[in-house]
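First the structure, in the form of structure tokens, and then the observations on it.
The values are calculated or read from the model by the stated rules, or taken from the named source; none is laboratory data. Here the structure is a predicted model, which is why all the values come from computation and not from measurement. Backbone-built Cβ (ideal geometry, glycine too); neighbour counts: all protein chains shown.
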Amino acid sequence: MRRIRYLFVLIFVVVLVLSCGRSAPEEPTVAPEPTIAPTEAPTATVAEVAPVEEAAPAEEVAAEEAPAEAVDASTSVTETESVVAELIDPTIAVHFAVLPEEAATGKYPLSTEMTDLGRMLFYEPRLSLAQDISCNTCHLLDNYGVDGLPTSVGHLGAVGGRNAPTVYNAALEVAQFWDGRSPDVEDQAKGPIQNQIEMGMPTGGAEAAAVIKSIPGYEPLFAAAFPDDPDPITFENLTTAIAAFERKLMTPGRFDAFLAGDGTQLTEQEKAGLQKFVSYNCTMCHRGPTVGGQMYMKLGLYKPYPTEDLGRYDVTQNEADKYVFKVSMLRNIEKTGPYFHDGSIATLEEAVKIMGEYQLGQTISDEDVADIVAFLKSLTGEVPMDYIAPPVLPENGPDTPAPVTE
């Protein structure tokens with residue numbers, strides 16, 4: 001019996017030792033996400049889009065590093081993966097930005113009184129000598145801010161030499177007009193009124209202000225918009241009000257939602273087009289919240305572009321500025337043709353091919369053109385219909401001058 005007892009004790013000890021030597025079951029681990037090595041050119045991929053071979057860049061552009069987005073520690077692994085899957089690659093995001101609600105300025109507040117007055121003046125044909133042309137004549141607000149003509153028809157049927165660009169999102173650009181002769185929309189608003197081809201008023205703006213002052217209904221509106229000014233109806237103030245209205249002409253759309261992290265906003269072809277847009281180095285010039293409009297560039301970098309327009313040279317008289325123009329912004333580009341400074345290009349497909357040939361020194365294939373154009377169409381935003389609703393304009397006063405029609 002004693003031997004049997006010892007045998008049971010021995011078996012128990014052996015079992016205990018063996019069980020202690022075993023390791024505890026391992027918890028499942030999640031493999032770390034692969035790190036992406038920084039690239040030298042601004043190429044990138046969009047979530048859920050297969051990589052595309054990078055086209056040879058026109059010139060080297062250093063890639064910028066976007067800050068990593070923080071993730072709430074309480075977010076589950078599944079939720080985190082879902083969020084990450086919808087975000088675009090940060091190396092693409094660095095080229096663009098979501099449109100703001102307004103192009104704010106520190107010069108004056110964008111009060112409702114100011115923007116309401118500016119809207120009325122934007123639609124006001126009596127700011128033209130013949131009293132038949134307003135800002136809205138060439139920049140139709142319900143047509144994405146353009147008239148759809150190669151060059152616009154102005155005072156007494158005169159035709160300008162350059163295409164009228166859109167006013168939507170324009171206040172965010174580096175300067176105004178194709179040659180950048182106005183630094184901001186406040187200064188730009190003065191130009192067409194005094195241009196003898198456009199609205200025909202004498203230079204200086206005194207006559208334009210006098211017409212508005214002769215219309216009694218404008219007095220309380222200017223007083224409300226400029227409460228600290230004892231004599232508020234001036235040319236400076238009326239163009240400031242127009243500019244204030246324009247500073248809120250923003251058109252956010254699907255692309256902004258995509259930049260904010262909603263990958264479902266773009267189709268697969270649009271995502272492929274975005275990737276190719278970056279791979280071809282279009283973002284050397286077309287970047288920022290307006291996807292362009294932030295710099296000047298010579299038209300015809302790789303071979304001379306057929307145009308007699310000297311561009312910014314007319315402003316600076318600097319030889320280096322010959323054939324240099326402000327880079328077009330691409331927001332709403334689908335809706336704002338015809339294209340280029342002279343409105344000579346009818347379609348986006350043609351514009352993309354010409355840009356490849358003259359600005360990038362490359363031939364862009366038809367397939368790539370189609371994808372890039374699909375992406376460009378995703379830049380179409382929403383027109384703020386309530387904000388741009390045509391106002392009821394005040395009636396003439398007894399001293400309001402008659403239109404000059406000859």
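In the condition set (1) of a type in the set (Ser, Thr, Tyr); (2) closer than 30 Å to residue 361 by Cβ; (3) buried (at least 23 other Cβ atoms within 10 Å of the Cβ), residue 239 is compliant with all but (2). Scanning segment 355-369 for residues being without any contact (Cβ under 8 Å) to a residue 60 or more places away in the chain and either more than 21 Å from the chain's Cα centre (by Cα) or on the phi > 0 side of the Ramachandran plot (or both) gives a total of 6. Summed over segment 359-399, residues that are in a loop (DSSP other than H, G, I, E, B) and farther than 24 Å from residue 301 by Cβ total 20.
Looking only at segment 181-203, decide whether some residue is among the hydroxyl-bearing types (Ser, Thr, Tyr), outside the structural domain of residue 338 (by TED's automatic domain parsing), more than 24 Å from residue 108 (Cβ to Cβ) and out of contact with any strand residue (DSSP E or B) (no Cβ under 9 Å at 6 or more places or on another chain). Yes. In contact with a Pro (Cβ under 6 Å, 6 or more places away or on another chain), of a type in the set (Ser, Thr, Tyr) and within 30 Å of residue 353 (Cα to Cα): does that describe residue 283? Yes, satisfied.
Considering 158, 175, the condition of being surrounded by 18 or more Cβ atoms within 10 Å (Cβ to Cβ) and closer than 30 Å to residue 310 by Cβ is satisfied by 175 alone. Do we have any residue at all in segment 138-155 that's of a type in the set (S, T, N, Q) and under 21 Å from the mean Cα position of the chain (by Cα)? Among the residues of segment 138-155, at least one is of a type in the set (S, T, N, Q) and under 21 Å from the mean Cα position of the chain (by Cα), which makes the answer yes. Out of all the residues in segment 324-344, which are buried (at least 19 other Cβ atoms within 10 Å of the Cβ) and in contact with a strand residue (DSSP E or B) (Cβ under 7 Å, 6 or more places away or on another chain)? Across segment 324-344, the qualifying residues are 324, 325, 326, 327, 331, 332, 339, 341. Within segment 178-228, being surrounded by fewer than 22 Cβ atoms within 10 Å (Cβ to Cβ) and of a type in the set (S, T, N, Q) holds for 182, 194, 195, 196, 203, 214. Looking across segment 325-351, the residues that are among the hydrophobic types (A, V, I, L, M, F, W, C) and in contact (Cβ under 8 Å) with a residue 24 or more places away in the chain come down to 325, 327, 329, 330, 333, 340, 348.
Checking each residue in segment 124-166 for being closer than 16 Å to residue 341 by Cβ and of a type in the set (Lys, Arg) picks out only 162.
Just the residues that are more than 27 Å from residue 307 (Cα to Cα) and of a type in the set (Gly, Ala, Ser), please, taken from segment 132-155. Once the filter is applied, which keeps residues that are more than 27 Å from residue 307 (Cα to Cα) and of a type in the set (Gly, Ala, Ser), segment 132-155 yields only 134. One residue is enough: does segment 109-125 have a residue meeting the conditions buried (at least 16 other Cβ atoms within 10 Å of the Cβ) and without any contact (Cβ under 8 Å) to a residue 40 or more places away in the chain? Among the residues of segment 109-125, at least one is buried (at least 16 other Cβ atoms within 10 Å of the Cβ) and without any contact (Cβ under 8 Å) to a residue 40 or more places away in the chain, which makes the answer yes.
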